[in-house]
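Below is one structure; the comments refer to it alone.
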Amino acid sequence: MPIARVNSLIGAGGHPAYNLGMQLEMLPLNEVSRAAIRPDVFDELAEGLNLLGFSGNRPAIVIVGGAGGMTPVDIEKVQAFFESRLAPFAVSKGAVIVDGGTDSGVMAAIGRAVKNAGNSIPLIGVAAREVEMIETFLEHNHSHFILCPGSHWGDESEWIAAAAKAVSGPLARVAIMINGGQIAWEDARVNIEYGSPVLIAEGSGRTADLIAETSTGMKFEPKALSLIRTGKIYVANFFKEPDRFIQKMNDLMG
């Protein structure tokens, strides 16, 4: 069991910290309302997902990576891929998409792509609820939100991986990393820990490229090497070969 999970099960005085009153709420975001839950511990995710309307398991696609460090041109390229390839793939799989839920980088791109696809794909944003004014940062095209414990950017990393596992159950899931800064290292680690293969988008910049280049021996980054040695890291380039990238996702999801 992950250390963070063990700690989260214990409250003040060593007593269980369960949120016995967890309820469905509606967040007002940019003139729309989105369903949300505020779990306190990982074991509440199954109940919380049921409150959100996910009564059965669905395949899951996790998207992690660049947020504020991506240029508008980068985001446009990523959104184009999401619209032309990833959204149709998710529909074909009946998949739920899970990400960090804020209106920046890859999360903004997938939000707009899902909207342009007719909002037919469940898109769950997972964000740390104690980040100052977090609700003003949320991307309003996401259909559902999980507001998890945490007061810093990155505190949501394990919750994203755990939510994907909870919603998918025994069904397939995969995480894709596009670009990314320091938090992306933790995103990759916890998704692997929760049993998801991680597909690296080569050519998307920063952390993703460092992992991709380490995998081919072009660079040597110990953190990347540690991830690669798990056997759960895969690399493909959707800028050059978008169909091959989707085929790799399909292979990983079985």
Tell me which residues, restricted to segment 60-75, are outside any loop (DSSP other than H, G, I, E, B) and in contact (Cβ under 8 Å) with a residue 12 or more places away in the chain. A60, I61, V62, I63, V64, G65, D74, I75
Expected output for segment 191-209 (first residue within 14 Å of A162 (Cα to Cα) and among the aliphatic types (A, V, I, L, M), partner at pLDDT 95 or above and part of a helix (DSSP H, G or I), Cβ below 8 Å, 6+ apart or cross-chain) is I192/L227
Quick check, is G118 without any contact (Cβ under 8 Å) to a residue 40 or more places away in the chain, farther than 16 Å from A163 by Cα and surrounded by fewer than 24 Cβ atoms within 10 Å (Cβ to Cβ)? yes
Kindly state which helices (runs of 4 or more DSSP H) lie completely within segment 154-248 and contain at least 3 residues that are in contact with a strand residue (DSSP E or B) (Cβ under 9 Å, 6 or more places away or on another chain). 157-168, 182-193, 206-215
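Residues are listed down the side, and each one gets a yes or a no for (1) surrounded by fewer than 18 Cβ atoms within 10 Å (Cβ to Cβ); (2) within 25 Å of P149 (Cα to Cα); (3) among the hydrophobic types (A, V, I, L, M, F, W, C):
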site: R85; (1), (2), (3): yes, no, no
site: V91; (1), (2), (3): yes, no, yes
site: G100; (1), (2), (3): no, yes, no
site: G105; (1), (2), (3): no, yes, no
Out of the residues in segment 52-83 meeting the condition of being out of contact with any helix residue (DSSP H, G or I) (no Cβ under 7 Å at 6 or more places or on another chain) and of a type in the set (A, V, I, L, M, F, W, C), tell me which one is surrounded by the fewest Cβ atoms within 10 Å (Cβ to Cβ). V73
Filter segment 162-172 for residues that are over 11 Å from the mean Cα position of the chain (by Cα) and crowded, with 21+ Cβ neighbours inside 10 Å and give the result. A166, V167, S168
Are any residues in segment 129-153 assigned to a loop (DSSP other than H, G, I, E, B) and under 17 Å from the mean Cα position of the chain (by Cα), and if so, which ones? R129, F137, E139, H140, N141, H142, S143, P149, G150, H152, W153
Determine the pairs where a residue that is over 12 Å from I61 (Cα atoms), located within segment 84-112, has a partner that is in a helix (DSSP H, G or I) and among the basic types (K, R) with Cβ atoms under 9 Å apart, the partner being 6 or more residues away or on another chain. A109/K77
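The values are calculated or read from the model by the stated rules, or taken from the named source; none is laboratory data. Small disclaimer: the values here were computed from a predicted structure and weren't measured. Please note: Cβ atoms are built from the backbone with ideal geometry, for glycine as well, and neighbour counts cover all protein chains shown.
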